[in-house]
There are 2 protein chains.
Amino acid sequence: MTWAAETASGAPLPRIVTEQLTAEAFRPFGDVLEAEGAPDRLINQGLCGRFHDRARLDFGPDGRAGISLFKAEPRALPYRLEMLERHPDGSQAFVPMSLTSFLVITAEDKNGRPGTPRAFLTQPGQAINLLRGTWHGVLTPLEAPGLFAVFDRIGTSANLEEHWLDTPFEVTRG
Amino acid sequence: MTWAAETASGAPLPRIVTEQLTAEAFRPFGDVLEAEGAPDRLINQGLCGRFHDRARLDFGPDGRAGISLFKAEPRALPYRLEMLERHPDGSQAFVPMSLTSFLVITAEDKNGRPGTPRAFLTQPGQAINLLRGTWHGVLTPLEAPGLFAVFDRIGTSANLEEHWLDTPFEVTRG
């Protein structure tokens, strides 16, 4: 066993097995943005399909939309999940700028704390939008360059709540 | 000569040579979104750099922000430019979801018509945001899958003006 796979008392860490990311499974947490099925419109003389307005965006009463880029260190599975966070004032969309999978960890809220997390593996070409206030893990690409466009709320509030787990989870590939 | 390289009278088409996309060259037309230089913030325990709020977004008085996906047929250089368009009611950002170059054609406005176009070639990892009302060519990826996340205005107006050129341009690699 490695340092990541057991608690201080030597017990194995509780496990979360990754699931394939689908729009239906992810709906309570947010939106899957993908060019699947027929486009909503054909534009540019039929040479481009538009999959229209696919994210439930929410920038709160005092926020505005902004685009930032995130460049994150790639991680590996199994992955030790120690913390979840949420943004009470706005939604947050992550668009990978490479055709790679990334790990998306979310949890329902249980009385102000995250419930048991779920872990989703994206397919290349999928992006996600997290609903305002959704508990989630930090950005975890699985391959370089870990480059994402992030469409989220710009505002003056902290807009961040962190929850450190008493016992981490080990996320393993399903 | 091919059909694309001459006018009806047999004269060669006027040429536009591509330029490398840089933030400075592109500023009159919009923003280059790229993770270059030091990030504005380090987040997630130092494992992620945030290049913060890099786009001049504008969704007009009656619009809202939306995320759509575009899937466009790849084109090739030389490219025959026949039309420019603009969106009077909102900005439009294009984020490539693969690490590939694409062609960005823009023009200044000259009394309600596009002036002489300029053509930029992106580097992999660069995205762009077009300012509200900027004349531009249609989305022209140069490689499959031609998949982009588009952040633009959702609203009820047509928000589209097209200008078909009397004489097309031939865009060639610089």
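The values are calculated or read from the model by the stated rules, or taken from the named source; none is laboratory data. Please read these numbers as outputs of a predicted model, since none were measured by experiment. As a convention, Cβ positions derive from the backbone with ideal geometry for all residues, glycine included, and neighbour counts pool all protein chains shown. Just so you know, the surface numbers come from the protein's heavy atoms only, side chains and all, with ligands and any DNA or RNA stripped out. Shrake-Rupley method; radii C 1.70, N 1.55, O 1.52, S 1.80 Å.
Couple of notes before you dig in:
- Residue check for B:A93: closer than 28 Å to A:E36 by Cα, part of a strand (DSSP E or B) and open to solvent by less than 10 Å² (accessible area, probe 1.4 Å): yes
- Residue list for segment B:120-139, restricted to those being facing another protein chain (nearest Cβ under 9 Å) and part of a strand (DSSP E or B): B:A127, B:N129
- Restricting segment A:142-162 to residues that are surrounded by fewer than 16 Cβ atoms within 10 Å (Cβ to Cβ) and under 22 Å from A:R132 (Cα atoms), the residue that is farthest from the chain's Cα centre (by Cα) is A:T156.
- One residue alone among B:D62, B:D58 is in contact (Cβ under 8 Å) with a residue 60 or more places away in the chain, surrounded by fewer than 20 Cβ atoms within 10 Å (Cβ to Cβ), within 14 Å of chain A (Cβ to nearest Cβ) and part of a loop (DSSP other than H, G, I, E, B), and that residue is B:D58.
- Count of residues meeting criterion [surrounded by 12 or more Cβ atoms within 10 Å (Cβ to Cβ), within 11 Å of another protein chain (Cβ to nearest Cβ) and not in a strand (DSSP E or B)] in segment B:14-54: 10
- Only residues that are over 17 Å from B:T134 (Cα atoms) and touching a His at 6+ places or on another chain (Cβ under 8 Å) were counted across segment B:61-102, and they come to 2.
- Verdict on B:R113 being closer than 14 Å to B:A65 by Cα, modelled with pLDDT of 95 or more and more than 9 Å from every other protein chain (Cβ to nearest Cβ): no
- Pairing each residue of segment B:22-38 that is farther than 16 Å from B:L131 by Cα and touching a residue at least 60 places away in the same chain (Cβ under 8 Å) with any residue that is part of a strand (DSSP E or B) and open to solvent by 20 Å² or more (accessible area, probe 1.4 Å), provided the two are 6+ apart or on different chains, yields C-beta distances under 7 Å for B:A35/A:K71.
- Taking segment A:65-90 as the range and being over 21 Å from B:A38 (Cα atoms) and assigned to a strand (DSSP E or B) as the test, the residues that pass are A:A65, A:Y79, A:R80, A:L81, A:E82, A:M83, A:L84, A:E85, A:R86.
- Every condition in (1) surrounded by fewer than 21 Cβ atoms within 10 Å (Cβ to Cβ); (2) farther than 25 Å from B:F70 by Cα holds for A:I105 except the one numbered (1).
- Just one of the numbered conditions (1) closer than 17 Å to B:T172 by Cβ; (2) open to solvent by less than 40 Å² (accessible area, probe 1.4 Å) is not true of B:G112: (1).
- Residue list for segment B:3-13, filter: modelled with pLDDT under 90 and either outside any loop (DSSP other than H, G, I, E, B) or open to solvent by 80 Å² or more (accessible area, probe 1.4 Å) (or both): B:W3, B:A4, B:A5, B:E6, B:A8, B:S9
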